[in-house]
Amino acid sequence: MKKILLALWAVCVLFAYAAAQETGSDPQRLPSRQEIDRELCRLQEQTMDLDAQYWAGRIASGEFSYEELEKDSLRWVGDKDCNRRLMERIRKNLKEGNTAPLTVAEEERLEQTHRASRALLMPATQDKKLIDSLTAEQCIALDGHYWAWRVKTVKDVSLKELKKNASTTWPCPADYNRRIIEEVEKNIKNKQTGPLNSRESYIHDACTEFACEDYQENSSDK
């Protein structure tokens, strides 16, 4: 799951940050929201040109409209002015036809910025010992719990939308994504739709670094 989709990651870390503020985490160890926003903006500005080209390319390919992305951007983490400037650059790129796919080197530069941002917002993504210990079963279960909460309690995404995203844009193999949806449906049916606790949230953040691309379903998984 290392090549996590950017829009999905942006929303996930927003919830991760909010959860950290509401759990038993030591507030002395957490920077303020304003400090985090300033640092995210500093990081974002380093590769904003690439970010804008990336999003413009996806819009030009017909994945979604500029208006849809603009609506989603209102929920992105970070400085609102920084996010507004990014949207302006995306619009400019679309107008000028600057929508070519990023080169491998450009993708790596952009990913470096996103890794730094994830490290700031989601310290678990740097917990190598935990990441190396993760299993597919563990991450699938946590994803199923998390998304059931988002669908039924937060209500910012529908089950129908989630299924569409799982089959079209989620980065993991189809069998892995299908099993997450099955967990979501099971949790909804059993009314297990509360939020993850602080430890579960930490592990769930680490799961964004789990190598799901290597997942292979076997008979014991069914």
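The values are calculated or read from the model by the stated rules, or taken from the named source; none is laboratory data. Remember, predicted model here, so these are calculated numbers, not experimental data. Backbone-built Cβ (ideal geometry, glycine too); neighbour counts: all protein chains shown. Only protein heavy atoms, including side chains, enter the accessible area calculation; ligands, DNA and RNA are left aside. Shrake-Rupley method; radii C 1.70, N 1.55, O 1.52, S 1.80 Å.
The table below gives the values:
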| quantity | calculated |
| --- | --- |
| Condition met for Thr135 (open to solvent by 80 Å² or more (accessible area, probe 1.4 Å), of a type in the set (Val, Ile, Thr) and more than 27 Å from Ile36 (Cβ to Cβ)) | no |
| Selected residue (only one of Ala105, Ala100, Ala141 is over 18 Å from Ser201 (Cα atoms), part of a helix (DSSP H, G or I) and modelled with pLDDT of 90 or more) | Ala105 |
| Filtered residues of segment 160-186 (kept if in contact (Cβ under 8 Å) with a residue 24 or more places away in the chain, open to solvent by 20 Å² or more (accessible area, probe 1.4 Å) and part of a helix (DSSP H, G or I)) | Asn165, Asp175, Arg179, Glu182, Glu183, Glu185, Lys186 |
| Matching residues in segment 166-195 - criterion: being among the hydrophobic types (A, V, I, L, M, F, W, C) and modelled with pLDDT of 95 or more | Ile180, Ile181, Val184, Ile188 |
| Complete set of residues in segment 90-111 that are touching a Phe, Trp or Tyr at 6+ places or on another chain (Cβ under 9 Å), open to solvent by 70 Å² or more (accessible area, probe 1.4 Å) and closer than 17 Å to Gln46 by Cβ | Glu107 |
| Of residues in segment 112-125 being part of a helix (DSSP H, G or I) and within 26 Å of Glu183 (Cβ to Cβ), the one most open to solvent (accessible area, probe 1.4 Å) | Pro123 |
| Positions within segment 152-162 being under 13 Å from Ile180 (Cα atoms) and under 16 Å from the mean Cα position of the chain (by Cα), in sequence order | Leu162 |
| Restricting segment 55-71 to residues that are in a helix (DSSP H, G or I) and open to solvent by 60 Å² or more (accessible area, probe 1.4 Å), the residue that is nearest to Thr113 (Cα to Cα) | Glu70 |
| Which numbered condition Thr153 misses (of (1) open to solvent by less than 50 Å² (accessible area, probe 1.4 Å); (2) in contact (Cβ under 8 Å) with a residue 12 or more places away in the chain; (3) of a type in the set (Ser, Thr, Tyr)) | (1) |
| Candidates Glu88, Glu63, Glu96, Glu111 - the one that is within 17 Å of the chain's Cα centre (by Cα) and of a type in the set (Asp, Glu) | Glu111 |
| Residues of segment 72-88 that turn out to be touching a Lys or Arg at 6+ places or on another chain (Cβ under 9 Å) and either β-branched (Val, Ile, Thr) or open to solvent by 20 Å² or more (accessible area, probe 1.4 Å) (or both), as a count | 2 |
| Residue ID - farthest from Thr125 (Cα to Cα), chosen from residues in segment 187-216 that are without any contact (Cβ under 8 Å) to a residue 40 or more places away in the chain and in a helix (DSSP H, G or I) | Lys189 |
